[in-house]
Amino acid sequence: MARQLDPNGQSLYARFSRYLSEGDDRLDQDMIREVDAPPAVHDPEPVPPSAPFPPVAEGVKTRHTRVATVAYQLIAMLLTAAISMLLIWTTAKLPSFGDAQNPAHNEVARRYVENGMDETGSVNLVTGMILDYRAFDTLGESNVLFTAACVVLMLLRSGSREERIEIEADERMEDRNRDEILQTAARVLIPMIMMFGCYVILNGHLSPGGGFSGGAVIGAAMILYLNAFGSGASGRFLTIRTFRFVSVLALSFYSLSKAYSFFTGANHLPSVFTTGVIGNLFSAGLIPYLNIAVGLVVCFTMYAFFALFRKGDI
Amino acid sequence: MELWQSLPLVSIILPLFSAAVMIVLRGKGARAFCFAVLGGETLLSGFFLIKIRAFGQSYTYPMGHYPAPFGNEIRAGLFEAIALFFFMLILLLSLAGGLHKLEEHVRKERMPLYYAMILLMTASLSAQIFTNDLFTSYVFVEIMTLAAAGLIAAHGKGRAILASARYMVMNMVASSLFLLGIVLLYDLTGHLLMSPIRQQVAALAAEGQYKLALIVVVGLITVGLSIKSALFPFHSWVPDAYGTASPASAAIMSGLVSHAYLFLLMKIIYRVFGTELFAVTGIENVLFVFGLAGMLIGSIVAILQQDLKRMIAYSSVAQVGYIFMGIGLGSRAGMLAAAFHLLAHAACKSMLFITTDALIRASGGSSDLRDLRGAGFRARLTAAAFAVGSISMVGFPFLGGFPSKVNFVRAVIDIDPIHRIPVLIFLVLSTWLNTLYFLRAVISLYTMGKQDQPRREERVRTGIAYALSLAGFIALNAGLGLFSQRIINGLLSGLSMFS
Amino acid sequence: MILTNYAEIAAMILFGIGLMLLLLNKNMIKKIIGFSMTDSAIFLYLAAKGYISGRKAPIVTDGVTSAEAYINPIPAGLVLTGIVVSVASSAVLLALTVRLYRKYHTLNLDEITDRARKGEE
């Protein structure tokens, strides 16, 4: 069996020992050369396997860079150790792990546990906390995700028509080698993953789950669909227009309903959304609807990130 | 709870909702919608300022049906209202002034996303000004950081993307340190809202427990926010970021973003740690020293710059040093000086950045200072605005910079014997250095250059929005200078209800 | 207490390593990995802080709502928010890296700075 040689004609062992001796700059160059170079058709003359170090062509310069690399690594390790030591020393004096007398377990946590189910209507106390007691933070968090989606859209979405035509041509070439096994498996798995994701979102207030985790699961299903069937198939209904539409609906519903909730809370007015019967699917006031909105935003944002990184267009 | 007291809530939710809607608009509709929302927000904040001045005290507004510390809350007072009103004015004027160049630079399809980011920054600004909770402030600081990274990289040129990447890396370091500080503080006190944390921290400091942990926490949070607002040793991202971004982005970033973080830092010092604890940990002195160093080194490097935008960027570093010097003094008068300089510097620096585009066009497309000669005759309004901004930074009377420096002097003379000598020396030194590079640029603007320089427009044409925005900026600076006493009184009473 | 706070100490070591990666390494992807490590370290710390020995996860089962039966739910909520913020920041950093690579064909930040500077002159 012939030894595997990379496009530069060197064995894996030779590359690894070169990396050890010259630092990871060379590894970067190799990575980049591999990505950019076309695949070698014929093997160039093989390098003798007993020469792990390449011949030193520029004597003094290599020694200088080697000293600089070693010095840099030493300083980096010392600084890391210093910062970690300082933080460890601080942590060593902080309250113990798992102790019930910690200052963190005070009357706030007690109230969330004891009255959480009655006041928010949610059986899952963590969901009740983030979507009712501290809902303002979650509003900010969904908007962080939206901001990131906007920035990535602005950076990566190909603007001109020529670029889009080029990307479509690349896609058509790729479509010829679609993987049979992946497609068959995807046809079985995607509906089940989506159903599970919907279950996690809808039961956010009854069992472990919520909008964020369920949204990530559904987003994974959409990414699997894109990978298995190509962008021609997924581009039929998962377009930039869908993304925009869903984002507008979900985020504006979220901000407006939370504004209503904050306003009624501050002015001591009763809210229209009552807690309902605890344990039902549609109980706990606004929480199931907020979970759905958040789940939609998260799944489409995950899909948008993947599609933009993969081919520059949704 | 009267109706006008819900205005802070509106000022946070309105831009969030509008940013979500902005993503489906395009073209002229997007632009009109953005300006409508920004204008509405400015009017709201002005109205709120009038109302709260009459009300005379600060109040807390629970966000949800539960009182603090079980639910979230925001808190509004006179200082917050003044700051919000000024920052909204500066944002509106900067966007209007830089709009022309922005529409050249940024692709048409990406403009609605740019407006969405501006609206998200507005929401984040309101939230940071009014919040009374540490974790909420972290989340909204992240919104502002990500939106600012988008603003820098908006026009897609290689150097801008590199500047944005370096900005993001430094800010991610800062965010991690800030979050770690908040988490350690939660571990020590068990609260996330600022007022309960203060009581707990005071109790812990009185008992003498957890001394090292408290110092580390104060250090982490301060370093995190200082990196984000470009304090002296952490300012490496500033020249690239402000120098390569579009003028509107640079104006908004230098005038708004770092100042919002500085406001948050002042709020945390007052409301979470308390000035006594802050003085005891010695971090105050560190900030003071770094502020002084920043003032000096920022000005020295600015003198050595050849590029107009980078010179203004380094001047930003120097001016932020002033503000940290004020915070580092530790007294109420020092905070007042820092707060007033916050407003004066924002108004002035944004105007300077907005004028750079027309000045560059008047020098034949070169941003080199040597090609700037005579540009004052080819772009009259622009050069006048640049001159006003420069002399305001130097400290000429009747403009914003003068009362600001007087405040700094007042904060140390007779009251503060320890800090008196360094502050006075460094004030004099930095004023002299500021004059060296700012007045040099202004003088070169108005000297006729050689006739054989590269082709440039005889009279640089600028739109009416640009002219209006520059007029607004000049009026704002003059207002800060002429009505400074009234504003200082407002700030004083605002600071007294701040803690 | 250094003997009992294992999770916290591991979190601080990870935080130090990640922070140094983020600051000192020149490769953009390694910086992003470092950032991811610092945030994961903070979440590990938070998750450890919520735990109380002998108690269960904060989902109300069998109608038991006494505070002695469940762990502290607050840190769990903070971790949820923090993870989303971390994902968003990583996405923006990665998008910037992709753009930089497309333009300058290297991941080394010093190299990119050199090439950008040469490109200007």
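FYI, it's all coordinate maths here, none of it is from the lab. Note that the structure is predicted; figures quoted are calculated from it, not measured. Backbone-built Cβ (ideal geometry, glycine too); neighbour counts: all protein chains shown.
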Cα-Cα longer than 22 Å, checked against A:Lys93/C:Lys49; A:Lys311/B:Lys28; C:Lys30/C:Lys103, kept in input order, equals A:Lys311/B:Lys28
Cα-Cα longer than 20 Å, checked against B:Lys228/B:Lys349; B:Lys228/C:Lys118; B:Lys267/B:Lys309, kept in input order, equals B:Lys228/C:Lys118; B:Lys267/B:Lys309
Relative contact order in percent for region B:291-499 (Cα pairs under 8 Å, 6+ apart) equals 27
Relative contact order as a percentage, region C:6-120, C-alpha pairs under 8 Å and 6+ apart, gives 26
Fewest-first ordering of A:His64, B:His191 by Cβ atoms within 10 Å yields A:His64, B:His191
Filtering trypsin sites (Lys or Arg not before Pro) in region A:107-212 by DSSP loop and by at most 11 other Cβ atoms within 10 Å leaves A:Arg176
Each residue of C:20-27 has, on average, a number of other protein chain C-beta atoms within 10 Å of its C-beta equal to 5
Computed about the Cα centre, the charge dipole of region A:123-311 from +1 Lys/Arg and -1 Asp/Glu charges at the Cβ has a magnitude in debye, to the nearest 20, of 280
Ignoring GluC sites (Glu not before Pro) buried by more than 10 other Cβ within 10 Å or outside DSSP loops, the longest site-free run in chain B is B:3-457
Taking a ≥ b ≥ c as the square roots of the eigenvalues of the Cα gyration tensor, with a/c under 1.5 meaning rounded and otherwise prolate when a/b exceeds b/c and oblate if not, region A:123-311 is oblate
Taking a ≥ b ≥ c as the square roots of the eigenvalues of the Cα gyration tensor, with a/c under 1.5 meaning rounded and otherwise prolate when a/b exceeds b/c and oblate if not, region B:291-499 is prolate
Over all Cα pairs of region B:341-414, the Kirkwood radius sets Rh, and Rg/Rh then becomes 1.11
Per the C-alpha gyration tensor (a ≥ b ≥ c, the square roots of its eigenvalues), the protein assembly as shown is rounded if a/c is under 1.5, else prolate if a/b beats b/c, else oblate; here it's rounded
Once normalised by the length of chain B, the mean sequence separation of its alpha carbon contacts under 8 Å that are 6 or more apart gives a contact order in percent of 16
Per-residue ellipticity at 222 nm attributable to helices in the protein assembly as shown (runs of n ≥ 4 DSSP H, -39500 (n - 2.57) apiece, nearest 500 deg cm²/dmol) works out to -24500 deg cm²/dmol
Exposure proxy check on A:His268, C:His105, B:His65: fewest-to-most Cβ neighbours within 10 Å is A:His268, C:His105, B:His65
Rounded to a whole number, the mean other protein chain Cβ count within 10 angstrom for residues of B:71-84 is 2
Per-residue average of other protein chain Cβ atoms inside 10 Å, peptide A:299-305 -> 2
If B:Trp432, B:Trp4, B:Trp237 are placed from fewest to most neighbouring beta carbons inside 10 Å, the sequence is B:Trp432, B:Trp4, B:Trp237
Counting Lys and Arg as +1 and Asp and Glu as -1 over every other residue whose Cβ sits under 14 Å from the Cβ of A:Leu251, the net charge comes to +1
